[in-house]
1. In nanometres, what is the gap between the two model label sites at D69 and W114, each 7 Å from Cα along Cα-to-Cβ?
2. Count the net charge of all other residues whose Cβ sits under 12 Å from the Cβ of Q118, scoring Lys and Arg as +1 and Asp and Glu as -1.
3. Excluding C183 itself, what net charge comes from residues whose Cβ is under 11 Å from its Cβ, given Lys and Arg +1 and Asp and Glu -1?
4. Which length gain, in nm to one decimal place, applies between E247 and H262 when the Cα-Cα distance is subtracted from 0.36 nm times their residue separation?
5. How long is the range 119-262 along each principal axis, judged by its Cα atoms, biggest number first, in Å?
6. With a cap of 12 neighbouring Cβ atoms within 10 Å, and only residues DSSP puts in a loop, list the trypsin sites (Lys or Arg not before Pro) found in the range 139-212.
7. Within 10 Å of each residue's Cβ, count the other Cβ atoms and sort H262, H179 from fewest upward.
8. Using the Karplus curve 6.51 cos²θ - 1.76 cosθ + 1.60 with θ = phi - 60°, what ³J(HN,Hα) values do you get for each residue of the range 53-69, in whole Hz, with x for Gly and Pro?
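Derivation of every value follows stated rules applied to the coordinates shown; laboratory data play no part. Since we're looking at a predicted model, the values are computed, not measured. Here the Cβ is made from the backbone with ideal geometry for all residues, glycine too, and neighbour counts use every protein chain on show.
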Amino acid sequence: MQHFSEPPSDVSGQPGALQPSSSNTMLTTSIIQTTGLPENDANTMFGLYNRYYGGAERNIFRRDLATKDYVIVLRDVENIIRGFSTLAVYTERFKDQTVRVLYSGDTIIEQMYWGQNQFSKEWLTFAGRIKAENPELPLFWLLIVKGHRTYRYLSLFSTEYFPRYNCATSPEFAELMEHLGTCRFGNAYDAKSGLVRFAQPRSFLNEQLVVIPEKDSRRPDVKYFLERNPHYGEGDELLCLCELSAEKLTRMARQWFELGLH
């Protein structure tokens, strides 16, 4: 999940079916308000990000961090940061309705920890807590995606996300995507292509992560992502959106989301 880059930025992990984690000792998670993030932690986060992304610049990273409200931090048993994801939570007006937005920013998990579920559980439980703050308002997950791994996370979490290969985006939802994309990214967002291209050079996946493994290259969702974002390796990002509500999440994702609701 990037941006899951700044974004999200990209979630650099190997998605598989979400399952309850059998290990609770490898990584621990915590959520910190960015205003209270220690300087040493911020520096460690950039160092980790810089190992997986080309073109990363400290000043851009720190500027993006300052626009976020929270950071989910993953630490090993020695308290070393092994992954993180930045998040912004805000409201927008769309067609005389107030909507809440959970925007995923820079996200990275160290490769040796790919496949663990601590991050997914913490992220979804936190999303449930955000929903519980204003349950009457729709909550949308906004992210921009520069890699196929992050794009595949959408199908692990949600049964109704857009854009996706096997379902057309409704005109009304497309209008919402355009509205949120323009509000967040201005002229960098092209509603026709659905891509965000920043005028100022941004980071891009490194040589290792940019390669599509052969086992994934034939997946219809990966093929679709490549069709929609053919220059992902240069840092182009595909804007994606889904509503975070229990009935629109996959089984395990819904269980973790509901932990935050109650």
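1. Inter-label distance under the simple model: 3.2 nm.
2. Values: positive: R75, R82, K121; negative: D76, E122.
Net local charge, Q118 excluded: +1.
3. Numbers: positive: R93, R184; negative: E92, E178.
Spelling it out: positives minus negatives among the neighbours equals 0.
4. 3.8 nm
5. Principal-axis extents of the Cα atoms in the range 119-262, largest first: 42, 35, 28 Å.
6. Values: sites: K146, R149, R152, R164, R184, K192, R197, R202; in loops: K146, K192, R197, R202.
Filter output for the range 139-212: K192.
7. Values: H262 7, H179 16.
With the fewest neighbours first, H262, H179 line up as H262, H179.
8. Values per residue, Gly and Pro as x: 10, x, x, 5, 10, 4, 5, 5, 4, 5, 5, 5, 4, 5, 8, 9, 9 Hz.
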